[in-house]
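**Q** Structure below; questions to follow.
What follows is calculated from the coordinates using simple rules that are stated; it is not laboratory data. As the structure is a prediction and not an experimental result, all values here were calculated from the model. Here the Cβ is made from the backbone with ideal geometry for all residues, glycine too, and neighbour counts use every protein chain on show.
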Number of protein chains: 2
Amino acid sequence: MLSKSCEYALKSILYITKHSQNLERVGAKNISDELDIPYHFAAKLLQILAKADIISSQKGPNGGFYLTADNLTHSLADVVFAIDGNGIFVDCILGLKTCSETRPCPLHYEFIDIKIKIAKVFEDTTLDQIKSKLLSGEFYLNNLNVSCQYERKNK
Amino acid sequence: MLSKSCEYALKSILYITKHSQNLERVGAKNISDELDIPYHFAAKLLQILAKADIISSQKGPNGGFYLTADNLTHSLADVVFAIDGNGIFVDCILGLKTCSETRPCPLHYEFIDIKIKIAKVFEDTTLDQIKSKLLSGEFYLNNLNVSCQYERKNK
DNA sequence: AAAATAAAAGACCTTTATATCTTATTGTAA
DNA sequence: TTACAATAAGATATAAAGGTCTTTTATTTT
Ligand code: FES
Ligand code: FES
């Protein structure tokens with residue numbers, strides 16, 4: 001559905017959103033540890049998002065990534081666009097070069113609604129809106145760290 | 001959304017369906033030419049589908065791929081399963097190892113409906129059902145060959 | 001019946017894209 | 001001025017996509 005890069009980018013920005021109280025900064029190391037993303041991969045994706053003004057960054061000690069009030073108005077669709085482009089929203093399900101009603105593939109009309117719905121989810125979800133939901137603790141961004149429990153056992 | 005392999009496999013089986021009048025056989029060469037699929041890539045995918053009893057094949061002169069009455073009862077979901085597995089129907093949109101309500105990601109509930117709808121389209125579309133639709137000529141499996149028109153111009 | 005031929009089946013290789021790691025640089029705060 | 005953390009470029013590993021060749025099987029033709 002989404003590329004690994006895009007999954008990582010979305011999880012990362014949601015993690016930053018969750019920890020963006022009064023401009024608190026989150027390090028790439030922190031993000032990579034918590035979300036099981038290879039450190040330098042996370043760093044690269046965060047760079048792209050920072051360059052696209054979707055997130056803000058600060059170098060130096062106590063530096064890291066954070067969200068300004070303006071950043072919080074962005075939607076998850078902005079993140080998908082920045083990393084994967086608009087393919088998931090507009091491409092033909094069978095891979096025809098152009099998806100249109102002038103030359104539709106046999107699944108074209110069945111997938112119009114689905115693609116609109118997918119776009120709607122990402123576009124309607126702004127970081128601002130999702131923030132309280134993330135803080136509620138009912139939703140997760142990683143899997144249970146079973147290897148950690150395993151190590152404790154061995155001690 | 002789907003892998004290139006899966007797109008090719010779906011287009012191929014739809015092409016065979018369209019040409020499956022009284023057990024007519026279609027060659028891999030024919031399919032690869034008509035649908036712009038690399039020949040040996042198409043051949044490999046058709047092998048997988050034949051092994052999974054989704055399509056039938058016949059070696060030797062006038063041989064090729066065709067569909068029995070039994071083959072025609074298969075749905076497009078069977079093809080997706082055989083090539084890509086069930087990932088598109090069940091995987092977490094953010095790539096969590098397990099997608100479930102016990103530990104849902106922030107987009108879990110938004111994507112439940114979408115994934116069910118995608119599964120429904122593929123499962124509800126049997127080859128038998130789609131056959132007449134394909135014969136109507138209102139739907140296409142390839143793009144217009146613009147390079148051909150270009151060459152005509154240069155002559 | 002034997003030989004020639006057509007087409008799928010299958011093993012294996014090359015290329016390309018994606019994902020991950022390495023190393024070095026730049027800016028910031030204490 | 002020193003340590004910290006983002007930025008940046010580039011190398012390596014892995015997986016997906018695409019291509020070459022050989023083998024097997026069935027059908028013609030002689
Ligand atoms: S042409 Fe295939 S989905 Fe639109
Ligand atoms: S847990 Fe992410 S979609 Fe279900």
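**Q** Only loop residues by DSSP count here, and only those with at most 13 other Cβ atoms within 10 Å; note down the GluC sites (Glu not before Pro) in segment B:104-138 that meet that. Write down the numbers at each step before the final one.
**A** Details: sites: B:110, B:123, B:138; in loops: B:138.
Sites meeting the loop and neighbour criteria: B:138.
**Q** Anyone know which of A:137, A:27, A:63 comes out most mobile in the 10 Å Cα GNM of chain A?
**A** Among A:137, A:27, A:63, the largest GNM mean-square fluctuation belongs to A:137.
**Q** With an 8 Å cut-off on Cα pairs and a minimum separation of 6 or more residues, tell me the relative contact order of chain B in percent.
**A** 26 percent
**Q** Roughly speaking, what is the centre-to-centre gap between segment A:1-50 and segment B:76-115 when only Cα atoms are used, to the nearest Å?
**A** 22 Å
**Q** Go ahead and estimate [θ] at 222 nm for chain B from helices alone: -39,500 (n - 2.57) per DSSP H run with n ≥ 4, summed, over the residue count, rounded to 500.
**A** Working: 8 runs with 84 residues, N = 155.
Value at 222 nm, helices only: -16000 deg cm²/dmol.
**Q** On to the next question. If you build a Gaussian network model of chain B, linking Cα atoms that sit under 10 Å apart, which residue out of B:133, B:59, B:18 swings the most?
**A** B:59
**Q** Under the Karplus relation 6.51 cos²θ - 1.76 cosθ + 1.60, θ = phi - 60°, what is the ordered set of whole-Hz ³J(HN,Hα) values for segment B:111-116, x standing for Gly and Pro?
**A** For segment B:111-116, the Karplus curve yields 9, 4, 4, 4, 5, 5 Hz.
**Q** Using amide H atoms built in the peptide plane, which far-off residues or other-chain residues are under 5 Å from residue B:55 H to H?
**A** Residues meeting the amide H criterion: B:50.
**Q** Net charge within 14 Å of residue A:5 by Cβ-Cβ distance, Lys/Arg positive one each and Asp/Glu negative one each, not counting residue A:5 itself? It would help to have the intermediate numbers written out before the result.
**A** Values: positive: A:4, A:11, A:44; negative: A:7, A:84.
So the surrounding residues net to +1.
**Q** Just to be sure I understand: with springs between alpha-carbon atoms less than 10 Å apart, which residue in A:76, A:107, A:49 has the highest mean-square fluctuation in the Gaussian network model of chain A?
**A** Looking only at A:76, A:107, A:49, the biggest GNM fluctuation is shown by A:107.
**Q** Also: Angle check, please: helix B:39-51 long axis (alpha carbons) against the longest principal axis of chain B (alpha carbons), in degrees 0 to 90, nearest 10.
**A** Roughly 60 degrees between the two axes.
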